[in-house]
Amino acid sequence: MNRVNILPEFQIAQDSELPVSEACLRNQQPICDVLTQELPKHSVVLEIGSGTGQHAAFISERMPDITWQPSEMAARIASINAWRLRAGRDNFLPPLVLDVSQDLWPVKQVDAVFSANVVHYVGWPKVRSMMSGIGRVLRIAGLVFLYGPFNYGGKFTSDGNKALDAWLKADIDPEAGIKDFEQIVLAARKEKLRLIKDIAMPANNRLLVLKKYM
Ligand SMILES: C[S@@+](CC[C@H](N)C(=O)[O-])C[C@H]1O[C@@H](n2cnc3c(N)ncnc32)[C@H](O)[C@@H]1O
């Protein structure tokens, strides 16, 4: 029997009984490749919206010098704990309950922030809260990694992204949807986060790398 609280877009892996996101299985290696290149050694990384906890498990194993701090809404903490138990790694910290729309985040200071597929999953007010929260907890010169689909010049970059946007608005939240890259860059700049890289990833996704300046 599965003992973890399962949410709609996650399935149960037959062999493990852990919640599994198929998208994570596809994107975890390409994401890890970029982080391996870009993250300074021994960074403490806050992950926002950790979902199942798969990215935490995968990356903490492949980057043992990195300390990975997952966080999520309360309903998803059980899944992350289950993946953490299976990983059995000291550098995969216990997950924090963190809702980006809250003013107080349970984090003091981190070297980097990573978030996959959260920006399109929530509406603009939450994206702005997320940016200002990141601005508060990230150290000067720290890096932010935002993975997911973005629009350019107000246009979808694929039919798949267009369909995803329609599904999000219909089934998740009418305020959700794929954000314009240009608007994200502007919102980030207000929090002293400057875009330094925009990396093409598989399946019409991007990995935006931002750096906090003084
Ligand atoms: C599409 S899932 C992505 C999960 C995971 N990062 C991944 O790539 O598989 C979006 C995640 O955002 C989280 N989320 C939604 N609203 C949030 C909020 N206000 N604060 C923090 N996380 C939130 C959801 O719980 C969900 O796990």
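The values are calculated or read from the model by the stated rules, or taken from the named source; none is laboratory data. What you see is a predicted model; the values in this text were computed from it and never measured. Methodologically, a virtual Cβ is constructed for each residue, glycine included, from the backbone with ideal geometry; neighbour enumeration extends over all protein chains shown. SASA here: full protein model, heavy atoms, side chains in, ligands and nucleic acids out. Shrake-Rupley method; radii C 1.70, N 1.55, O 1.52, S 1.80 Å.
Restricting attention to the range 142-181, and to residues there that are within 14 Å of the ligand (Cβ to nearest atom) and in contact (Cβ under 8 Å) with a residue 60 or more places away in the chain, which single residue is farthest from residue 202 (Cα to Cα)?
179
If you go through the range 74-98, how many residues are in contact (Cβ under 8 Å) with a residue 12 or more places away in the chain and open to solvent by 40 Å² or more (accessible area, probe 1.4 Å)?
Matching residues across the range 74-98 total 11.
So is residue 38 under 18 Å from residue 208 (Cβ atoms), surrounded by fewer than 23 Cβ atoms within 10 Å (Cβ to Cβ) and more than 13 Å from the chain's Cα centre (by Cα) or not?
Considered against the rule, which asks whether it is under 18 Å from residue 208 (Cβ atoms), surrounded by fewer than 23 Cβ atoms within 10 Å (Cβ to Cβ) and more than 13 Å from the chain's Cα centre (by Cα), residue 38 comes out as yes.
Based on this model, can you work out whether residue 48 counts as in contact (Cβ under 8 Å) with a residue 60 or more places away in the chain and either within 26 Å of residue 181 (Cα to Cα) or buried (at least 19 other Cβ atoms within 10 Å of the Cβ) (or both)?
yes
So how many residues does the range 130-141 have that are aliphatic (A, V, I, L, M), more than 8 Å from the ligand (Cβ to nearest atom) and surrounded by 20 or more Cβ atoms within 10 Å (Cβ to Cβ)?
3
Kindly provide the set of residues from the range 107-136 that are over 30 Å from residue 169 (Cα atoms) and either free of Cβ contacts under 8 Å to residues at least 12 places away in the same chain or β-branched (Val, Ile, Thr) (or both), ordered by number.
107, 110 - these are the residues of the range 107-136 that are over 30 Å from residue 169 (Cα atoms) and either free of Cβ contacts under 8 Å to residues at least 12 places away in the same chain or β-branched (Val, Ile, Thr) (or both).
Results for (1) modelled with pLDDT of 60 or more; (2) in a helix (DSSP H, G or I); (3) surrounded by fewer than 19 Cβ atoms within 10 Å (Cβ to Cβ), shown as yes or no for each residue.
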{"site": "1", "(1), (2), (3)": "no, no, yes"}
{"site": "4", "(1), (2), (3)": "no, no, no"}
{"site": "7", "(1), (2), (3)": "no, no, yes"}
{"site": "14", "(1), (2), (3)": "no, no, yes"}
{"site": "25", "(1), (2), (3)": "yes, yes, yes"}
{"site": "30", "(1), (2), (3)": "yes, yes, yes"}
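If we only count helices (runs of 4 or more DSSP H) wholly inside the range 99-199, which ones have 2 or more residues that are more than 26 Å from residue 75 (Cα to Cα) and at pLDDT 95 or above?
Answer list for the range 99-199: 159-167, 181-190.
Take the conditions touching a residue at least 60 places away in the same chain (Cβ under 8 Å), open to solvent by 40 Å² or more (accessible area, probe 1.4 Å) and farther than 22 Å from residue 22 by Cα and apply them to residue 184. Does it pass?
It is false that residue 184 is touching a residue at least 60 places away in the same chain (Cβ under 8 Å), open to solvent by 40 Å² or more (accessible area, probe 1.4 Å) and farther than 22 Å from residue 22 by Cα.
Picking from 127, 97, 113, 119, which residue would you name as being farther than 23 Å from residue 212 by Cβ and more than 8 Å from the ligand (Cβ to nearest atom)?
97
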